[in-house]
Amino acid sequence: MKMEQFVDWERVIQSISDLVMILDLDQRIIAVNSATEKATGKTEKELVGHYCFEVFHCSPYPPAVCPHQKILKSMSPKTEDMVMEALNGQYLVTETPIFDHQGHIVRTVCIAKDITERKTIEKNYKESSEILDKIFLVPHFMVVLLDNNFNFIRVNRAYAETSNHAPDFFVGKNHFALYPHQENEAIFRQVVATGEPFTVFAKPFEYPEQPERGITYWDWSLYPIKDASGDVDGLLFTLIEVTERKRSEVIRQAEEGKYRRLVENIGSEYFLYSHDTGGVLTYVSPSITDILGYSQQEFLTSFDQYMTDNPKNKPDVRHTELSSIKEIKQRHYEVEIYHRNGSVHTLEVIEEPVFDNKGKVVSVEGIAHDVSEQRRVAAELLAKEMQWANAMDFIDDAIYLVDLDDKVKVANKAFCRLVGLTPEQVIGHDIAQIIHPQGEAVPCSVCLARQERRDAVIAMDTDNPSNPSGHPIQVMVNIIRDQEGAPNSVLMGIRDMSPWAEIQKQGQIFNQIHEAVITTDTHGTITSWNAGAEKLTGFMADEQLGSPIARLFEKGELPVANTSAPEMESLLKSNSGVDIPVLISASRLQSVLGETSGKIYCLMDLTENKKVEEKFRQSQKMESIGTLAGGIAHDFNNILNAIIGYTDLAMMRDKDQTVGLHDDLRQVRLAGERATDLVRQILTFSRKKQKEKTPIQISLVIKEALKLLRASLPSTIEIRQEINSQGVILADSTEMHQLIMNLCTNAFHAMMDRGGVLDVSLKEMVIAHQIFDSDTELPPGNYVVLSVRDTGCGMDKDTMLKIFDPYFTTKTPERGTGLGLAVVHGIVKGHHGKITVSSELGHGAIFTVYLPLIVEDETLTVIEEVPPRSRKHERVMVVDDESAIRDLNSYFLDQAGYRVESFANGFEAWNAFALSPGEWDLLITDQTMPEMTGEQLIAKVQAIRPDLPIILCSGYSPITGSTQIPKTKLTTFLEKPVTRNKLLSQVAKALMEKS
């Protein structure tokens, strides 16, 4: 009977999947089950008689603490358990004593359960939870977690702040109870029903409790969170506000479209008008109906009746109109006017006189901007600012501000409650004495971050001696810096972490974030890569995990986490080979103990933003051309005067005065070359093209720009130049031209009222030691230094700090948009250079630009060759609607031995060609012709003779992006004006390529 019981007991032990060992009092093995044999790789016979710690811990000595020792020490029937490292894993070890009939312990049963996988899962869960917390702290996009009934579970601070609430305000509330929207609710329900994500771009939305914001625009995504069975039990909602981007697009359209057509299309805020010198309205744009409710005809005939009784509408309006008529520059002014519905609107008005060709004022044009809503919103914002001063006291987080001497400047009620002191006992007192009144037993990580002036997010458990709260907290340290990047105070917050619910699906949520998020370990090796990163780069996660993140930024840089500049623009490598411009923010990942465990990078695609920037830059170049228009016209008039005068002289001479006739014609030729050079400069400056850096001699670009400026600036501005360098830099010539023009135009505006001296110098300099500042890193090397000095009004320090900000300007609207110096700063930075400014009020200003020199290549001397003559008397078709050009080119070709036939338009040329297409050897055609352009003629000809050489002539640039002309080596471009040598050389080259 006893044997049968023993056998049953043994069978039970053998069926257990955990490790089971029967031990004597010396910890020697008496028996084991099959699971133990499998785990150790030894049979029971091999294990019996050995100490369990030799087998289980692979050690000749027992551990310092183990369940067996506890049992022998207590001699009680109590079971002991402990988590222990063993057999390359973690085990939960449970040991139970076995007693004889006299109550003495004779042996023990040891059961070890493998919990390695569970511990790994716990570790991964903790790390993913940490990543999610970091994502919820990312400042430039909003994250919301909802259940499947659309109740808020969690929101990040960015989402809460845009609604003027604390994050805790939303928890438990229903999204559509706060923000009712039938269309959006239908989308949310569709995602829950189908389990498919949804993304929308630039979707309009109006806040019901913030009508002053008007229509806002959002890119947002909705991702389903599924349980183990695949049912949707929650939603991840991510948003980015793109209202400013939409407004930028409108502004860009305004800059490109210009004037009346633009403002009429805007419609909702602006209208154009004009009136004669007697003040009678002659035009008002259709948008008047959208703004004030009147028809165009009603406003033209009765606008005086719609003015309110506000005193500013009476003499001031007429006064400003007269000021415009008298050519006196005026600032904008405001008027009050009734809407058709009876409400009062405020209009901001800008007017300019219109002159005839004799300089007489013939009318006045104006733009009126409805600023009623802006005035109302400004008043409400002022009221809210006054309320915000008390808002901190209603925040659950303990918030306090410390100066650089560690004295508390501001603290909310939550902080005073936390430390148990009154505001009087806190404000002005040392923060260390408040938090650590008994001193610090060990260095406090929060105090270290504050003293070292670095941002930090630090978690503290309840038993941390530096935690004054008695519950788990998270402490945020944020260094407040001035405009130069120097610390001036420390903003700190303490958050109670105990109420936060555990989030079960961290890995899934991380992967559903719309934006690209990448994490690395402390060595820069990629440890996670979400779906947003896959979508942005085209690389799959398994391709990047374990590789260095630096490989993705071969042409860009990575920001340093927790510095004064944790966010920067860079270039990200993609799977297609295209470098993607991105905005990167970096934060440190921390372990539970506050130690750095890696970094998290959040990336935003800037491709569309860069396109908008480029269009703004092109718009600014057009603004500069407008500034120079008078000088350009002056130069052209001088050139035309020389051409006409010397032509008249040539026509007056007798036939035998060949020497004088040759001199006259030489002067005409020189004037023509001057005109060609002037046109080339204008086109080079204004042309929109891809940036292309090539070695250029910067001194030549400066001289060209100054030549153009000299004709444009008044005689009250003296230009002095001191060019002491022939150095070569790697640069885009158009951008260098724009840089010089912008700096000199800015100097001219500073001296416009009183005149002065514009001093431009160029020299070379050797920088021996690397230069760092908050904006630029300048390595040692050889540099060319461009200085532009003026004797104008100068600037104060506050103005100099903002001088390179986009749209910042001290000029009136008609003198500039505030883009010029911002463009200069961008060009210098893009060429790895540095720009500085020095100025005092009343003492002018000097802008200094440093650009790296390169080793100049050997210069080749180009010798103009004598153009070749025809060898086979080829038949050439010449097409141009300008008879003088057509006859001149035909004469040059005929004299060179070609058989030439000319045509005045594309139709005549096509009809002649169609009769005998095989008999022509070359087509030379102008591009811009009435009825049939050169481009259209070429398309018809190439459809029959794709092997025919063709030369397309134009006065501007090649036809790029054409869908009608097949791009072949037989189709070449010749830019007007065309000289004899240029024409004959290109003809010979085209015929040679055909053969």
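The values are calculated or read from the model by the stated rules, or taken from the named source; none is laboratory data. None of these values were measured; they are calculated from a predicted model. Don't worry about glycine lacking a Cβ; one is built from the backbone with ideal geometry, like all the others, and counts go over all protein chains shown. Just so you know, the surface numbers come from the protein's heavy atoms only, side chains and all, with ligands and any DNA or RNA stripped out. Shrake-Rupley method; radii C 1.70, N 1.55, O 1.52, S 1.80 Å.
Here are the numbers for the structure shown:
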read-out	value
Per-residue SASA entry for LYS70, accessible area with 1.4 Å probe, Å² rounded to 10	80 Å²
Cα centroid separation, the stretch 408-473 to the stretch 180-247 (Å)	39 Å
Net charge, VAL941 excluded, C-beta distance under 12 Å - Lys, Arg +1, Asp, Glu -1	0
Charge tally in the Cβ shell below 11 Å around ASP881, where Lys, Arg are +1 and Asp, Glu are -1, ASP881 excluded	-4
Contour minus Cα-Cα distance for PHE176 and LYS994 (0.36 nm per residue)	287.3 nm
Translational diffusion of the stretch 690-852, µm² s⁻¹ [Kirkwood Rh, Cα pairs; Stokes-Einstein; 10 °C; 1.306 mPa s]	98 µm²/s
Which of ARG653, ARG899, ARG417, ARG154 is most accessible, then next, and so on - probe 1.4 Å	ARG417, ARG899, ARG653, ARG154
5 angstrom amide H check on PHE539, placed H, neighbours 5+ away	ASN575
Accessible surface ranking that places the most exposed of LYS763, LYS45 first, with a 1.4 angstrom probe	LYS45, LYS763
Flagged links, alpha-carbon separation over 18 Å, of LYS134/LYS599; LYS763/LYS797; LYS693/LYS982; LYS203/LYS535; LYS707/LYS982; LYS535/LYS573	LYS763/LYS797; LYS693/LYS982; LYS203/LYS535; LYS707/LYS982
Summed side-chain charge close to GLU348 - residues other than GLU348 whose Cβ falls under 9 Å, Lys, Arg +1, Asp, Glu -1	-2
Taking the convex hull of Cα positions in the stretch 9-118, its mean projected area over all directions (nm²)	7.0 nm²
Cα→Cβ-extended label distance, 7 Å offset, between LYS360 and GLU54, nm	12.2 nm
Contour excess over end-to-end distance, with Cα ends at ASP168 and LYS42 and 0.36 nm allotted per residue	39.5 nm
Two-site label geometry, GLU543 and ALA914: point separation in nm, points 7 Å out along Cα→Cβ	5.2 nm
Distance between modelled label sites at ILE944 and SER274, nm, 7 Å Cα→Cβ extension	4.8 nm
Stokes-Einstein translational diffusion, the stretch 137-246 - Kirkwood Rh over all Cα pairs, 1.567 mPa s, 4 °C, in µm²/s	90 µm²/s
Residue order for ARG118, ARG710 - accessible surface, 1.4 angstrom probe, largest first	ARG118, ARG710
Peptide ranges 840-853, 182-195 listed from the most packed, as the mean C-beta count within 10 angstrom indicates	840-853, 182-195
Full-stretch length increase - VAL371, SER838 - with 0.36 nm per residue and alpha-carbon distance subtracted	164.4 nm
Rounded FRET efficiency, nearest 0.05, which uses the C-beta distance separating ILE215 from SER302 and R0 of 30 Å	0.40
Computed E for VAL757/ASP393 - FRET, C-beta separation, R0 56 angstrom, nearest 0.05	0.45
Relative packing of 982-994, 714-726, which averages over residues the other C-beta atoms within 10 Å, highest first	982-994, 714-726
Backbone HN-Hα couplings from phi across the stretch 837-844 [Karplus 6.51/-1.76/1.60, Hz, Gly and Pro as x]	9, 9, 6, 9, 4, x, 10, x
Backbone HN-Hα couplings from phi across the stretch 344-349 [Karplus 6.51/-1.76/1.60, Hz, Gly and Pro as x]	9, 10, 9, 10, 9, 10
Between the stretch 714-747 and the stretch 39-94, the Cα center-to-center distance that results, in Å	84 Å
